[in-house]
1. Right, LEU23: farther than 27 Å from ARG74 by Cα, over 11 Å from the mean Cα position of the chain (by Cα) and aliphatic (A, V, I, L, M) or not?
2. Kindly establish whether ALA104 is modelled with pLDDT of 95 or more, surrounded by 15 or more Cβ atoms within 10 Å (Cβ to Cβ) and either under 28 Å from ASN20 (Cβ atoms) or of a type in the set (Val, Ile, Thr) (or both).
3. Would you point out which residue out of THR2, THR94, THR26, THR53 is loosely packed, with under 15 Cβ neighbours inside 10 Å, of a type in the set (Ser, Thr, Tyr), in contact with a strand residue (DSSP E or B) (Cβ under 6 Å, 6 or more places away or on another chain) and more than 24 Å from PRO111 (Cα to Cα)?
4. Looking at the range 91-98, can you tell me whether even one residue there is aliphatic (A, V, I, L, M) and over 23 Å from MET1 (Cβ atoms)?
5. Of all residues in the range 73-109, count the ones that are touching a residue at least 24 places away in the same chain (Cβ under 8 Å), of a type in the set (A, V, I, L, M, F, W, C) and assigned to a loop (DSSP other than H, G, I, E, B).
6. What are the pairs with Cβ atoms under 6 angstrom where one residue, in the range 3-15, is farther than 13 Å from ALA37 by Cα and the other, located anywhere, is in a helix (DSSP H, G or I)? Sequence gap at least six, or different chains.
7. Condition first: closer than 11 Å to ASN50 by Cα and among the hydroxyl-bearing types (Ser, Thr, Tyr). Now tell me which residues in the range 6-35 satisfy that.
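The values are calculated or read from the model by the stated rules, or taken from the named source; none is laboratory data. Keep in mind the model is a prediction, meaning the values are calculated, not measured. As a convention, Cβ positions derive from the backbone with ideal geometry for all residues, glycine included, and neighbour counts pool all protein chains shown.
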Amino acid sequence: MTLPEFKRALEAALKLHFPNTRLTLTESRGVALTCRAELTAEVLLAVYFNVLTGNTSYALIQRGQRVAGYDNHRFWHFHPLGAADQHIPCDEPTPEDAIAELAAANSNLSP
């Protein structure tokens, strides 16, 4: 996927699942994209995509700790809510799939 394609897909997923969220999108040298979506004062969604290295990560972060996410460090895997230290192998999620899953996890976070 190209950087513009990923950015469009990510923005559409974020608009659908987190419509009133403040987003910060930063492109680096036309090959990398970082996204920070501040969901609450204590919860944020961080996304990273690098077209050259193929590295991609999605993380739901509460009080500075990842509580759920997806990434492809070594292989595609999921970090489930309540057991974010686990690495459950999975197929590569689309931005829509990853954001939808993290939106569901966000709705199940303890205050």
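1. Numbers: farther than 27 Å from ARG74 by Cα: yes; over 11 Å from the mean Cα position of the chain (by Cα): yes; aliphatic (A, V, I, L, M): yes.
Considered against the rule, which asks whether it is farther than 27 Å from ARG74 by Cα, over 11 Å from the mean Cα position of the chain (by Cα) and aliphatic (A, V, I, L, M), LEU23 comes out as yes.
2. On the way: modelled with pLDDT of 95 or more: yes; surrounded by 15 or more Cβ atoms within 10 Å (Cβ to Cβ): no; either under 28 Å from ASN20 (Cβ atoms) or of a type in the set (Val, Ile, Thr) (or both): yes.
No, not satisfied.
3. Numbers: THR2 fails: in contact with a strand residue (DSSP E or B) (Cβ under 6 Å, 6 or more places away or on another chain); THR94 fails: in contact with a strand residue (DSSP E or B) (Cβ under 6 Å, 6 or more places away or on another chain); THR53 fails: in contact with a strand residue (DSSP E or B) (Cβ under 6 Å, 6 or more places away or on another chain).
None of the other options fit; the residue is THR26.
4. Filtering the range 91-98 down to residues aliphatic (A, V, I, L, M) leaves 98.
Applying the additional criterion that residues be over 23 Å from MET1 (Cβ atoms) yields none.
Checked the range 91-98: no residue is aliphatic (A, V, I, L, M) and over 23 Å from MET1 (Cβ atoms).
5. So the answer is 2.
6. Correct list of pairs: ALA9/PRO95.
7. Selection gives SER28, THR34.
Yes/no matrix, rows are residues, columns are (1) more than 18 Å from ALA12 (Cα to Cα); (2) of a type in the set (A, V, I, L, M):
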site	(1), (2)
ALA68	yes, yes
ARG74	yes, no
ALA84	yes, yes
HIS87	yes, no
LEU102	no, yes
